[in-house]
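Bear in mind these aren't lab numbers, they're just calculated from the coordinates by the rules spelled out. Everything quoted here is computed from the prediction, not taken from an experiment. All Cβ positions, glycine included, derive from the backbone under ideal geometry; neighbour counts span all protein chains shown.
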Amino acid sequence: MSKKFLSGNEAFAEGIRLARPEVISAYPITPQTIVVEKLSEMVEDGSLKAEYVHVESEHSALSCAIGASAAGARAFTATSSQGLLYMAECLYYAAGGRFPIVMMNADRSTALPWNIYGDQRDSLSQLDSGWIQAYAENAQEALDLALMSYRIAENKAVSTPFMANLDGFILTHTYETVDIPSREQADCFLPPYVTDNRLDLDSPKNMAFSAGPDTNFVFKFREHEGVLAARDVIAETENDFARIFGRQYSGLTENYLTDDADFILITLGSIAGLCRETADKLRREGVKAGVVRIRYMRPFPNEEIAEALENAKGYGVLEKDISFGNEGTVFTNVNSALKKAGINIKGCNFIGGLGGRNISAADIRNAFENIIAGSQKVSFIGIGGDCIG
Amino acid sequence: MKEIIWLGRGGQGAFTAAKLLGAAFTIRDDDRYALAFPSFGPERRGAPVRAYTKLDDAPVNDRSQTEKADVIAVLDDTLFGPELAGLIKENGRLIVNSRSPISGAQTVDAQKIAEEFRLPTVNTVMLGIIAGSTGIVSVDDAAEAIRNYMPAKIQERNINALRKAAEEVSV
């Protein structure tokens, strides 16, 4: 293990180097570019033996990864924002074909107005594409996700592509200290990819075919089962990871002080740290505050969220997303989890950070104050408004 | 937590200095933590750039932009303005690379030191000035950060400039 001062992008690239992908398809887009740049340097200096393919678009980047995966190779690509949207068609092909590709997405605003800064509207718009979706909070978690992602995606019961999301700039371009596991440890944790789901001249089979109304439905059912199966596989993978690397992750959510919390803020990504700090401050003032950080949006942590909020009096969801004409998509998902569990408490939705706007400590405190006051609004941080339709 | 804001112009290496400071602070000790990030945006030569370094003995959870800094380092005196005073903590320092004195700021002719070591920019000189005058990091750790994170052929000149700058301001 060695310690380095790295950005989120660089840390993720280090994790991918340790995961030994055999094919990398690369098309640059800010703020993801550094990942594929670093990987190209690693391929050039021989520290990563992979076929590095320059492609002409994001659509081709994912198509190339699908082809590589169909040939039985471990494949990697990365994108962001409009690039993710441009490859949207291929996201469904990858998931439906059960190709366990790993893709890093640098979460970034979507046009128009044109903007390169971080928010989560790009990846959250693709929740239904059939991919596992994870959200990192810091550079260490980004590196660790890069390694764990292949173990989870390639598990036979899962066989689902994996999207690892890093908040644009706030994670991708922020430098911090990161432990880089040794090559031996990484190889011990992640065996080579072996699959029957590949083109094989000795055992020819039909792949990526069409299926009519009678069987198509069954394929979609199986696809749903695959993503759900990731729940247990994520837990097993994290336990194995902790055994080898000494860092234990907490599954689909990370719950902070939720056991006895009256008021809980639910969020995802890099803003969670500031939410926890604010909860600490409120605790010192006698307010029982807690935080749930969603680590995986798919499979969705229905049970974990319901359990964390079981005894709470109120909650809020802070997200860098808006589904225009309704509310934030994370809020919709959380509300469904609570409804299914029969939990009926007041909740509100804070839309923040769109187009990269700074979310301050004061903004988070204000969010908690709204939760405590029993707000049921959908409000834009710094603008306000009761936008419930 | 100690927070440092770096002001420079695109091409002056303000963000590199911010990174080197974070790397220097954490280079020996596992119980030290740092974040370094730029004011995010398209990088254009000559345009005003801000960068931030946060240093602490616990993991730094607050990733938002610094509102009150312990030190503001201004690499180009045309970026100085009285409004910067509002960004400094009480007892904080405002250090400006300038040939002429500026009221309310500690000025230092970093350009002169950079020229002495044939450096096109003053970023490692300013790092040396911060190390020498505040002691936030030791000069040796700052030199080690340069050794670890700058290209080999410019390390020596930068380390020499760093040491000279630290000597000039240390009491």
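The label point for A:S2 and the one for A:E89, both projected 7 Å from the Cα toward the Cβ, are 4.4 nm apart. Taking amide H as placed 1.01 Å from N in the peptide plane, A:V317 has its amide H under 5 Å from the amide H of A:I266, A:C348, A:N349, A:F350, each at least 5 places away in sequence or on another chain.
Considering Cα pairs under 8 angstrom that are at least six residues apart, work out the relative contact order of chain A and quote it in whole percent. With pairs under 8 Å counted, the relative contact order is 16 percent. Each peptide in A:158-166, B:118-126, B:73-81 gets a packing score, the mean of other Cβ atoms within 10 Å over its residues, and the list from highest to lowest is A:158-166, B:118-126, B:73-81.
Please report the antiparallel percentage of DSSP beta bridges with both residues in chain B, rounded to the nearest 5. Please list the in-between numbers first.
Working: 14 of 26 bridges.
For chain B, the DSSP antiparallel bridge percentage is about 55.
Amide H contacts of A:G72 (H built 1.01 Å from N, in plane; Pro and chain starts excluded): A:L199 sit under 5 Å, all sequence-distant by 5 or more or on other chains. Neighbour counting of Cβ atoms within 10 Å sorts the residues A:F300, A:F217, fewest neighbours leading, into A:F217, A:F300. The Cα center of region A:206-281 and the Cα center of region B:57-107 differ in position by 42 Å.
Counting Cβ atoms of other protein chains within 10 Å of each Cβ in A:169-181 and taking the mean gives 5.
Counting alpha carbon pairs within less than 8 Å and at least 6 residues apart, what relative contact order, in whole percent, applies to region A:28-137?
Numbers: 140 pairs, mean separation 27.5, N = 110.
Rounded, it is 25 percent for region A:28-137.
Centre-to-centre separation between the Cα atoms of region B:136-171 and those of region A:302-335: 49 Å.
Within 10 Å of the Cβ of each residue in B:62-70, the mean number of Cβ atoms contributed by other protein chains is 5. For A:D107, the amide hydrogen comes within under 5 Å of the amide hydrogens of A:L166, A:D167, A:G168, counting only partners 5 or more places away or on other chains and with H modelled in the peptide plane.
Kirkwood-based Rg over Rh for region A:205-297 (C-alpha set), two decimals? Intermediate values should be presented prior to the final figure.
Working: Rg = 19.8 Å, Rh = 16.4 Å.
Ratio of gyration radius to Kirkwood radius for region A:205-297: 1.21.
Given a Förster radius of 41 Å and the C-beta distance between A:V194 and A:L257 as r, what FRET efficiency does 1/(1 + (r/R0)^6) yield to the nearest 0.05?
Working: r = 43 Å, r/R0 = 1.04.
Efficiency, from the Cβ-Cβ distance: 0.45.
By DSSP, what percent of the beta bridges with both residues in the protein assembly as shown are antiparallel, rounded to the nearest 5?
In the protein assembly as shown, approximately 35 percent of DSSP beta bridges are antiparallel ones.
Ignoring lysines fewer than eight residues from A:K3 along the same chain, the ones with Cα atoms less than 17 angstrom from its Cα are B:K19. Could you name the lysines whose alpha carbon sits less than 25 Å from that of A:K313, not counting residues in the same chain fewer than 8 places away? In chain and number order, the partners are A:K281, A:K288, A:K339, A:K340, A:K346, A:K377.
Compute the Cα gyration tensor for chain B, then decide on rounded, prolate or oblate, letting a ≥ b ≥ c be the square roots of its eigenvalues: rounded whenever a/c is under 1.5, prolate when a/b is larger than b/c in the other cases, and oblate in all that remain. Each step should come with its number before you reach the end.
Values: a/c = 1.28, a/b = 1.02, b/c = 1.26.
Rounded.
Students often check this: by mean Cβ neighbours within 10 Å, which of A:143-155, B:45-57 ranks highest, and how do the rest follow?
Values: A:143-155: 24.8, B:45-57: 19.0.
Peptide ranking by packing, descending: A:143-155, B:45-57.
Within the P(r) computed for chain A, what percentage of the Cα pairs occupies the region above 26 Å? Please report the intermediate quantities before stating the final value.
On the way: 38145 of 75466 pairs.
When every Cα pair of chain A is considered, 51 percent fall beyond 26 Å.
Evaluating 6.51 cos²θ - 1.76 cosθ + 1.60 at θ = phi - 60° for every residue in region A:151-167, the Karplus couplings come out as 4, 6, 5, 7, 3, 4, 5, 9, 6, 9, x, 10, 10, 9, 9, 10, 4 Hz, glycine and proline recorded as x.
Which order do peptides A:94-101, A:335-342 fall in by mean Cβ count within 10 Å, highest first? The partial results should precede the final answer.
Numbers: A:94-101: 23.9, A:335-342: 14.2.
Answer by packing, highest mean first, reads A:94-101, A:335-342.
Here the 3J(HN,Hα) profile of region A:223-235, calculated from phi with Karplus coefficients 6.51, -1.76 and 1.60 at θ = phi - 60°, is 5, 4, 4, x, 5, 5, 4, 4, 3, 6, 5, 4, 4 Hz, Gly and Pro shown as x.
Phi angles across region A:304-314 convert, under the Karplus curve 6.51 cos²θ - 1.76 cosθ + 1.60 with θ = phi - 60°, into 3J(HN,Hα) values of 4, 5, 4, 5, 5, 9, 3, 10, 7, 9, x Hz, Gly and Pro given as x. Would you mind classifying region A:96-144 by shape? Square roots of the alpha carbon gyration tensor eigenvalues, ordered a ≥ b ≥ c; an a/c under 1.5 is rounded, otherwise it is prolate if a/b is larger than b/c and oblate if not. Judged from the Cα gyration tensor, region A:96-144 comes out oblate (a/c at least 1.5, b/c at or above a/b). Neighbouring Cβ atoms from other chains, within 10 Å of the Cβ of residues in A:359-365, number 2 on average.
Size estimate for region A:234-389 follows the Kirkwood approach: the inverse of mean 1/r over distinct Cα pairs works out to 15.8 Å.
Potential lengthening of the chain between A:S203 and A:E225 amounts to 5.3 nm, from the contour at 0.36 nm per residue minus the alpha-carbon distance.
Can you bin region A:72-231 into rounded, prolate or oblate? Criterion: square roots of the alpha carbon gyration tensor eigenvalues sorted a ≥ b ≥ c, rounded for a/c under 1.5, prolate for a/b above b/c, oblate for the rest.
Values: a/c = 2.28, a/b = 1.27, b/c = 1.79.
Oblate, since a/c reaches 1.5 and b/c is not below a/b.
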